[in-house]
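Here is the structure we will look at, set down as structure tokens.
The values are calculated or read from the model by the stated rules, or taken from the named source; none is laboratory data. Computed from a predicted structure; not experimentally measured. Areas reflect the complete protein model, heavy atoms only, side chains present, ligands, DNA and RNA absent. Shrake-Rupley method; radii C 1.70, N 1.55, O 1.52, S 1.80 Å.
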Amino acid sequence: MLNRDFTYVLTHDDLDGVTAGYLAQKYFAPKAEVIFSSYEKLPEYLKQFQKERILITDLSVQNPEDFPPHAFLIDHHRSTQRIAKLFPDRTFFREDMSATKLVHELAKNIYPERKEELKEEQEFVDIVSKRDLWIKPKPGFLFVGILDYLGQKEFFELLKKTGLDAKKIREHAKETIDLLHLKYEFELTRALEHAESFVSPVGIVTIIDAGELNFVSDIAHEILSSKKAHVVVFLLPPALQYQAGGDWATRISLRGTVPVLPFAEALGGGGHPYAAGAVTKLKKEDIVQIIQETAERLHI
């Protein structure tokens, strides 16, 4: 199935997705157009590409009827398990790796003659993977900030220009990095001023509703590493919301030193054990109540 004649690479619009998309195009789809998608836009793209040969990375397709007949999926989200079981010849799924690392490992297996080239990319691949799975997130925050500042397309071109060399990416984005540090300190202060916490069986749960925040993961890491909380929940405001079905829906981001996936699932979302999220049309007081009730019944 991976015979390099894909028309499109459809990938998630976060750091893991953009990097996975870069690697997917480089090794498996050199003539393909790369499209960055949020989960909100995914159903629309799946309908649009039903007749195309498409390589999908870092996006979970949950409904078998939506899975294009000529698609190959490389993903690591738990919600992809059903598709992986139904279409084993058109999926590459492992939950213990990021999408970036999955694509990279697949390239290692298929192109052993390119081992030196793949070796040079390994540092950045590991940074992205550990950040996305929340194993060792701090080194990856800088690159998340650069991505948010530049946007997906410009960041993708930077990956091409630097050959996925972490040092070269930092050098090319030096001025951007200086601005990001200042912006981060400002956002951290505002987030802490708007944090509310409660004690539960899982530990301290902190809920932050602090206006527009671009450094959600960085702020969460700061709070969690200082042991001020065990779970951090961000309620993202209208500036970081999208219109779903004609109504504004709140996007929720969760990080923790204990598993946060149960909270996301209780709110209709998903993700990874220590980094998850959801989108809901519930009011703030209802969201907080579900978080409190979920925390109370969990015994970790």
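For the chain, what is the calculated [θ] at 222 nm in deg cm²/dmol (nearest 500), taking -39500 (n - 2.57) for each run of four or more DSSP H residues and dividing by its residue count? The partial results should precede the final answer.
Numbers: 12 runs with 138 residues, N = 300.
Computed ellipticity for the chain at 222 nm equals -14000 deg cm²/dmol.
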Item to check | Antiparallel DSSP beta bridges within the chain, as percent of all bridges there, nearest 5 | outcome: 55
Checklist entry - For percent of Cα pairs over 27 Å apart, the choices are (i) 42; (ii) 58; (iii) 54; which was calculated from the structure? => result (i)
Next on the checklist: Between 0 and 90 degrees, rounded to the nearest ten: what's the tilt of helix 115-132 against the longest Cα principal axis of the chain?
Outcome noted: 20
Checklist entry - Helix 99-110 sits at what angle to the longest principal axis of the chain, using alpha carbons and giving 0 to 90 degrees rounded to 10? => result 20
Checklist outcome for this item: HN-Hα couplings for segment 277-294 via Karplus (6.51, -1.76, 1.60; θ = phi - 60°), in whole Hz with x for Gly/Pro, come out as x, 7, 10, 8, 9, 5, 6, 4, 5, 6, 4, 4, 4, 5, 4, 5, 5, 5
Checklist entry - In terms of modelled amide H atoms, which long-range or inter-chain residues lie less than 5 Å from the amide H of Y274? => result V260
Checklist entry - Hey, what do the phi angles of segment 54-69 turn into as Karplus ³J(HN,Hα) couplings, whole Hz, using 6.51/-1.76/1.60 and θ = phi - 60°, x for Gly and Pro? => result 10, 9, 10, 10, 6, 9, 7, 9, 9, 9, x, 5, 8, 6, x, x
Checklist outcome for this item: Rounded to a whole %, the carbon-and-sulfur portion of the accessible area of segment 76-198 at a 1.4 Å probe is 51
Next on the checklist: Taking amide H atoms as placed 1.01 Å from N in the peptide plane, list the residues 5 or more away in sequence, or in a different chain, whose amide H sits under 5 Å from that of T91.
Outcome noted: L73
Checklist entry - What residues have an amide H closer than 5 Å to that of I35, excluding those fewer than 5 places away on the same chain, when H is modeled at 1.01 Å from N in the peptide plane? => result V9, L10, T11
Item to check | Vicinal HN-Hα couplings computed from phi for segment 135-142 (Karplus, 6.51 cos²θ - 1.76 cosθ + 1.60; Hz; Gly/Pro x) | outcome: 8, 8, x, 4, x, x, 4, 4
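Hey, can you find the accessible area per residue of the chain for me, probe 1.4 Å, expressed in square angstrom?
Per-residue accessible area for the chain comes out at 48 Å².
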Checklist outcome for this item: In whole angstrom, the spacing between the Cα centers of segment 110-169 and segment 1-67 equals 18
Checklist entry - Using Cα atoms only, what is the angle between the long axis of helix 216-225 and the major principal axis of the chain, expressed in degrees (0 to 90) to the nearest 10? => result 60
